[in-house]
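Comments concern the structure below.
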Amino acid sequence: TPAAVGDLTRTSHRNVRAGSRALYRPLSAAVVSDGRRAETASLLAPLSGSVSQQQVALRGFQTSAVSRDIDTAAKFIGAGAATVGVAGSGAGIGTVFGSLIIGYARNPSLKQQLFSYAILGFALSEAMGLFCLMVAFLILFAM
């Protein structure tokens, strides 16, 4: 009957929702000390009886190594992508001093003014490279 199918669908949706809530809880919520076991038993219990506390804790242990490996790989990829900016800084510094040499060759009387502009360009380009390096280190060690 359609009513029975609707009840079955609602029940299965409720079980899936309750089970998924229990399974994405962090491992720290699943593994507690003996003194706090009574307090957290209500937190660990899903809304439906389909997933037990042991399954929640077991799932946390099973995926912790995999998720840690994925997090480590993501950190290395992000740090490598942030380090690409250091190469851009090197290219910028080369361009600045190459332009200084060309400008000095065209008009030697502007040597002092061109040199001050070149130092300013060098400082800005180097600052961008250092910011990229800082972000790479933040990704590796602060997250």
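Based on what the data block shows, is residue 129 open to solvent by less than 40 Å² (accessible area, probe 1.4 Å) and over 30 Å from residue 70 (Cα atoms)?
no
Just a yes or no: is a residue in segment 102-121 touching a Ser or Thr at 6+ places or on another chain (Cβ under 7 Å), at pLDDT 95 or above and surrounded by 12 or more Cβ atoms within 10 Å (Cβ to Cβ)?
Here is the first cut: in segment 102-121, the residues touching a Ser or Thr at 6+ places or on another chain (Cβ under 7 Å) are none.
The answer is no, given that none of the residues of segment 102-121 is touching a Ser or Thr at 6+ places or on another chain (Cβ under 7 Å), at pLDDT 95 or above and surrounded by 12 or more Cβ atoms within 10 Å (Cβ to Cβ).
The values are calculated or read from the model by the stated rules, or taken from the named source; none is laboratory data. Source: prediction; values computed, not measured. Backbone-built Cβ (ideal geometry, glycine too); neighbour counts: all protein chains shown. Ligands, DNA and RNA are excluded from the accessible area calculation, which covers all protein heavy atoms including side chains. Shrake-Rupley method; radii C 1.70, N 1.55, O 1.52, S 1.80 Å.
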